[in-house]
Amino acid sequence: MYRLWQILDRANTGPFCEVEDFNKKIFMPKLKEVIKKYGIKYDPDHPVSDDDDVADRVWQAACELFLEVGVLNVDTHRRIIIEESELKEALYHAPGRYLVGEGKDARWWQDRCPEDSAPPFCIFSGDITCDEEIFLPMTVAYCQEPLADGVCASILEESMGLKIKAGSPVELAGVTEHAMSLRQAAKLVGRPGMFLVAVGTALSAMAQVAVSNDQWGVRYTDARLIGGLSELNIENDAMNKIAHCMNYGCFIGNLTGSIYGGYAGRAEGVAVLETAYHLMGLTIYQANFQQSFPFHLHFTSNSGREMLWLISVTHQAVSRNSRILSTSNGFLNAGSGTEMVLYEAAAHGLTSTVSGGHLWETAVARNKTRNYATPLEARLACEVGHSVARQGMTRTQANEIVNRLLAEYEENIATAPQGKMFQECYDLKTAQPTSWYEDMFGEVKKKVAAMGVDFVY
Amino acid sequence: MSNMESLVEAVKAGEEEDAVTYVKAVIEEGHEVVNIVASLTDGMREVGDAFGKMELFLPEMVMAADAMTAAMDELKPLIEASAAGMVAKGTVVIGTVEGDVHVIGKEIVVRMLRANGFEVHDLGYNVNTLDFIKKAIEVKADIIGASALMSTTMPNQRELVKLLTEMGCRDDYHVIIGGAPVTQPWVEEIGADSWGENAAKSIEILEGIAEKIGKNNV
Ligand code: B12
């Protein structure tokens, strides 16, 4: 913890810089420079890269970028700069293995490498807001998934019928309801000690602090996400959350999504930046894991060819060069109840797993519309992840399969079907998928198996 | 290529130094300042369209906008001296509402507005409702734009309209709201004026407003 105070102090004493200058004069030129210096080049034929050298060059570029640019505190207008020796120290001390959750439901979460035969750690999450009435059945549906090592619930927009407003007492009511219902769902499925990442309904630091409770709320065996601002920015509120989580003792996930088409530009820049975010998470957010969701500016998704390439390269860069744990968060174009979304889920789970990542599955329907997500999409991504790890699939084989998966949906990305709501795909009473969606799942799984995935079951 | 064409190309490519060189050349050649600005604006519109079609992205847009600004700086003395008395298409106060840190969408809109000749005062994110209004009064804005990406911060868009009404200045501004969860019914429910569904649509709407208030002279 001693490092935390040193680092937070730099938010008040580091070099002064305005955000516009930071983007234009510091971040963008340096990123351009390292892409050139390390010869990083997007390869459309390899949505799953099998090139160790490119992964290592991306890692080096990310280190250079991060050490030189630092992170801008947008409240104090100062750059937090990390020394090389501090980065090395942090990397050396990264444990690479945590026991999360508690009792019989506790799980080891361990670092992986590309083509690792150990399966990825799987967090199930729809990453979307939902109606208050369906929060419990929807969360039960996620918690009961056999491959779920952890769950992050949907987000509430209302509490007791009142619209939740950030920073208001209704936010406090909403986050309490969220935390308690999530805990209840885990208990209802017989997994009371399950590792939970919570609570997404809490925007303010105040609301995050309010749910830290060992009985009904977020336990210290659970985790919470603290977001970074785009790109390489941090705010005081996030630092309050960091200090609280460290004191309380829960795990911290640093939530970052570099934007394809944003200040980082295209695939090469986003790969370098997203890798650099892992260093920011480790040193500044004091994160125990990175929650990584690079996304395409126009589509808010990451299942396209260029996105898969940069996901594969980022996770290989990180997993080959450090023990940092990182979840690869799917952002899919199509919605639940469509074949397209299942192919996208398979491609995302496969690419991330063979690249050494862990899985956080999955946002669908461009992560835009209330109630649009179900655990079935996540199930396919994670079943694919487990299976390809167990069968020892190489990146070269994975690339062939991902190219075939892409052929199923690539052309339809811009016009992806919105699909259906959770309550149309699941029976709310039993929290089970409807038979038509389960049949569709089975059909797509068969086709994915025929492409070369040996499903464990 | 004429110097005028080279100027437009330099702006589109984000070549700041070239843009300055060529703008000096066209001034030397004696072109009407109104025509120079019109060519530059057309060039930037092409940049905006290319962004919409995903042919280019934010970094290229930032560079083009910078080159445009550099060229406009050279033209400033001429614009001020010109009888046409050119003014910005409209003054916009914009920000992301209180409690919300999502800025990318708003930043794109800001850049596109600037590129299209609007005067923009960007208040950043986590902006208190009253601060929007105070700034709008201070700079005599025509338009207030508020971004909210979350259901939990959207109420602040309603608050903005309400406060404007209570302060008796609702009719002084066109209120446009945006952000992924915003919809036309929400615009109507809270009594805002328009919905900036995406950057291109927002520009289209606000150009219409500029026309209406008689500020579309470029
Ligand atoms: C990127 C992102 C983040 C980044 C933001 C980085 C940044 N500084 O901007 C980070 C990681 C920080 C983040 C944090 C959080 N996020 Co977030 N995030 C997103 C995501 C995936 C994409 C947003 C985006 O940038 N889109 C790309 C841009 C280009 O699109 P856009 O914003 O819609 O803008 C376009 C138009 O809407 C329009 N427009 C936008 N603004 C304006 C304004 C005007 C005036 C006009 C005319 C037009 C206009 O023009 C733009 C260009 O075409 C959305 C999901 C989604 N699909 O939107 C969730 C989302 C907004 N986040 C969400 C949540 C829950 C959070 C967190 C609470 C997570 C957490 N547990 O910590 C925190 C919130 C912290 C806070 N206090 O605000 C939820 C909100 C749910 C809700 N309550 O409604 C969403 C909807 C995801 C989801 N489906 O659940 N997030």
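Do any of B:Lys89/B:Lys201; A:Lys104/A:Lys187; A:Lys368/B:Lys106; A:Lys24/B:Lys89; A:Lys24/B:Lys140 go past 20 Å between their Cα atoms, and which?
On the way: B:Lys89/B:Lys201 16 Å; A:Lys104/A:Lys187 12 Å; A:Lys368/B:Lys106 17 Å; A:Lys24/B:Lys89 26 Å; A:Lys24/B:Lys140 29 Å.
In this structure, A:Lys24/B:Lys89; A:Lys24/B:Lys140 lie more than 20 Å apart at Cα.
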Report task. Could you run the Karplus curve 6.51 cos²θ - 1.76 cosθ + 1.60 with θ = phi - 60° over the range A:185-199 and give me ³J(HN,Hα) per residue in whole Hz, x for Gly and Pro? Result -> 4, 4, 5, 4, 8, x, 10, x, x, 3, 5, 10, 10, 8, 10
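Where does the charge balance sit around A:Arg320 when Lys and Arg score +1, Asp and Glu -1, over other residues with C-beta under 10 Å from its C-beta?
With Lys, Arg at +1 and Asp, Glu at -1, the neighbours total -2.
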Query - Sparsely packed GluC sites (Glu not before Pro) within the range A:1-107, loop by DSSP, other Cβ within 10 Å at most 12 - result: A:Glu18, A:Glu83
Requested in this report: Please give the helix B:155-166 orientation as an angle from the longest Cα principal axis of chain B, in degrees from 0 to 90, rounded to the nearest 10.
Outcome: 90 degrees
Report task. Among A:Ser168, B:Ser2, A:Ser303, rank each residue by its count of other Cβ atoms within 10 Å, from fewest to most, as a rough exposure measure. Result -> B:Ser2, A:Ser168, A:Ser303
Requested in this report: From the P(r) of the protein assembly as shown, can you give the percent of Cα pairs sitting at distances over 42 Å?
Outcome: 25 percent
**Report entry** Phi to ³J(HN,Hα) by Karplus 6.51 cos²θ - 1.76 cosθ + 1.60 over the range A:259-275, Hz, x for Gly, Pro
**Finding:** 9, 6, x, x, 4, 7, x, 9, 3, 4, x, 5, 4, 5, 5, 5, 5
Query raised in the report: Which far-off residues, 5 or more places away or on another chain, put their amide H under 5 Å from the one on B:His174, with H placed in the peptide plane?
Result: B:Ile143, B:Ile144
Query - Radius 11 Å from Cβ of A:Ser49, net charge of other residues (Lys, Arg +1; Asp, Glu -1) - result: -4
Query raised in the report: Going by a ≥ b ≥ c, the root eigenvalues of the Cα gyration tensor, does the range B:64-180 fall in the rounded group (a/c under 1.5), the prolate group (a/b larger than b/c) or the oblate group?
Result: oblate
Report task. Tell me which residues come under 5 Å, amide H to amide H, from B:Val120 once H is placed; ignore anything under 5 positions away on its chain. Result -> B:Val92
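Taking the Cα centre of chain A as origin and charging only Cβ (+1 Lys, Arg; -1 Asp, Glu), how large is the dipole, in debye to the nearest 20? Mind showing how you got there, number by number?
Values: 41 positive and 57 negative charges, 109 e Å.
Computed charge dipole of chain A: roughly 520 debye.
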Requested in this report: Work out Dmax and Rg for the range A:97-450 from the C-alpha atoms and quote the Rg first, both in angstrom.
Outcome: 18.5, 53
**Report entry** From phi via Karplus (6.51, -1.76, 1.60), per-residue ³J(HN,Hα) for the range B:134-143 in Hz, x at Gly/Pro
**Finding:** 4, 5, 4, 5, 4, 9, 6, 5, 9, 9
Query - Cβ-defined net charge surrounding A:Asp131, 12 Å radius [Lys, Arg +1; Asp, Glu -1] - result: -3
Requested in this report: Before rounding to the nearest 500, sum -39500 (n - 2.57) across all DSSP H runs of length at least 4 in the protein assembly as shown and divide by the residue total; then give [θ] at 222 nm in deg cm²/dmol.
Outcome: -15000 deg cm²/dmol
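None of the figures in this text is laboratory data; all of them are computed from the coordinates on show. Only a predicted model underlies this, so the values are computations on that prediction, with no experimental measurement involved. Note that we place each Cβ from the backbone using ideal geometry, even for glycine, and neighbour counts take in every protein chain shown.
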